[in-house]
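Student: For reference, the structure I am asking about is given below.
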């Protein structure tokens with residue numbers, strides 16, 4: 001698949017943009033803060049239904065939209081697939097409420113039909129690699145969870161539905177825990193929320209476990225190629241609550257190779273969640289927060305008996321993230337039958353010569369790769385001849401002849 005046409009209105013740096021792209025490697029050239037990253041963000045926004053760079057949609061609206069009396073942003077793309085094309089669109093509209101406050105509405109359409117975010121799954125798949133991604137290995141667990149959620153949401157609409165419901169229910173339960181902890185009341189009010197969390201929590205955990213196992217296998221092969229066979233890599237899933245293992249086991253035992261997962265009884269897992277909620281309820285009432293569930297899961301990068309998040313060098317972490325991104329690309333292609341669009345933002349500057357050569361070699365196996373850079377000389381002349389190049393300056397894009 002590839003982006004045939006991209007249209008932006010009042011999105012980030014862009015007041016208005018209409019541009020056609022070929023099914024080929026694309027180089028976005030320009031200085032910093034000119035709009036290269038914003039363009040990649042817009043494409044990812046259509047694929048994920050949310051920005052990979054911010055949790056606040058308000059930040060996506062161009063400043064001039066409000067001052068000109070047009071408080072909205074629009075992202076639209078025509079996506080060409082093997083057998084057909086589709087048009088995806090997201091519109092952000094800021095409206096005034098009767099009490100004087102404003103509300104931001106998000107409308108998503110696929111082929112002019114209004115849909116929920118979950119329905120975006122499978123229409124446009126992307127793999128995004130940015131310099132900040134190196135922090136995935138040693139940064140907060142929430143970033144690794146979000147990265148995995150974004151990947152799953154591109155393939156499984158039911159995963160987005162379960163995750164959205166789980167997050168909404170967690171917020172409601174936390175509010176109720178604080179209320180009951182301060183004022184007391186009927187503890188039975190927690191039961192329906194815990195039932196919902198048990199169902200969606202198990203569903204989320206099982207999806208994460210299965211997909212991480214596949215990603216780990218792919219990432220290990222890429223990692224060994226990147227390191228000349230000198231080091232293996234494993235992505236270890238550390239669920240916050242795992243009734244399949246004795247709770248006394250320390251996660252560092254995960255440095256040992258994992259055995260193949262056994263078949264699970266979903267009903268038994270859900271019951272185990274309910275029982276854990278009951279056991280931890282006194283502590284959660286004191287703290288006013290839910291302590292059990294996939295919102296506290298952990299994912300670790302392990303190589304040669306070392307946890308790279310704790311002990312890995314920056315170079316080792318960079319190689320691990322590159323292997324992860326390539327694994328995501330391979331997994332998405334296997335799941336959908338089409339190569340995703342590859343979005344690379346200044347990543348060559350983070351890689352040595354051999355890894356640059358390896359990554360650019362893989363670009364030939366992807367229908368469309370969009371690379372943003374401040375230094376075109378970083379790319380070999382032979383590679384540049386294959387690309388369509390665009391100059392980006394102040395939110396205006398012009399072809400380079």
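Each reported figure results from applying straightforward, stated rules to the coordinates on display, with no laboratory input. Being a predicted model, the structure only gives us computed values, none of them experimental. Virtual Cβ from ideal backbone geometry, glycine too; neighbours counted across all protein chains shown.
Student: Cut-off 10 angstrom, C-alpha nodes, Gaussian network model of the chain. Which of 337, 228, 315 fluctuates the most?
Tutor: Of the options given, 228 has the highest mean-square fluctuation.
Student: Going by alpha carbons, how many degrees (0 to 90, nearest 10) lie between the helix axis of 36-48 and the longest principal axis of the chain?
Tutor: So the helix axis and the longest Cα principal axis differ by about 50 degrees.
Student: Where does each of 231-237, 39-45 land if you order them by average Cβ count within 10 Å, highest first?
Tutor: 39-45, 231-237
Student: Relative to the longest principal axis of the chain, what angle (0 to 90°, nearest 10) does the C-alpha long axis of helix 314-336 take?
Tutor: With rounding to tens, the tilt is 90 degrees.
Student: By how many nm would the segment from residue 385 to residue 84 grow when fully extended, if each residue of separation counts as 0.36 nm and the alpha-carbon distance is taken off?
Tutor: Stretched fully, the residue 385-residue 84 segment lengthens by 105.5 nm.
Student: Something else now. How far is the Cα center of segment 96-150 from the Cα center of segment 338-355, in Å?
Tutor: 22 Å
Student: For the Cα atoms of the chain, what angle does the longest principal axis make with the long axis of helix 157-183, in degrees from 0 to 90, nearest 10?
Tutor: Taking Cα atoms only, the helix is inclined about 50 degrees.
Student: Where both residues lie in segment 291-401, what percent of DSSP beta bridges are antiparallel, nearest 5?
Tutor: Percentage antiparallel, nearest 5: 60.
Student: For an R0 of 51 angstrom, estimate the FRET efficiency from the Cβ-Cβ distance between residue 266 and residue 98 and round to the nearest 0.05.
Tutor: Efficiency, rounded to the nearest 0.05: 0.65.
Student: Also, quick follow-up: Only helical DSSP H runs with n ≥ 4 go in: add -39500 (n - 2.57) per run for the chain, normalise by residue count and round the 222 nm mean residue ellipticity to 500 deg cm²/dmol.
Tutor: Value at 222 nm, helices only: -13500 deg cm²/dmol.
Student: With semi-axes √(5λ) of the Cα gyration tensor in Å in mind, check [x] 36, 26, 19; [y] 37, 29, 18; [z] 31, 24, 21 and report the label derived from this structure.
Tutor: Evaluating semi-axes √(5λ) of the Cα gyration tensor in Å on these atoms matches [y].
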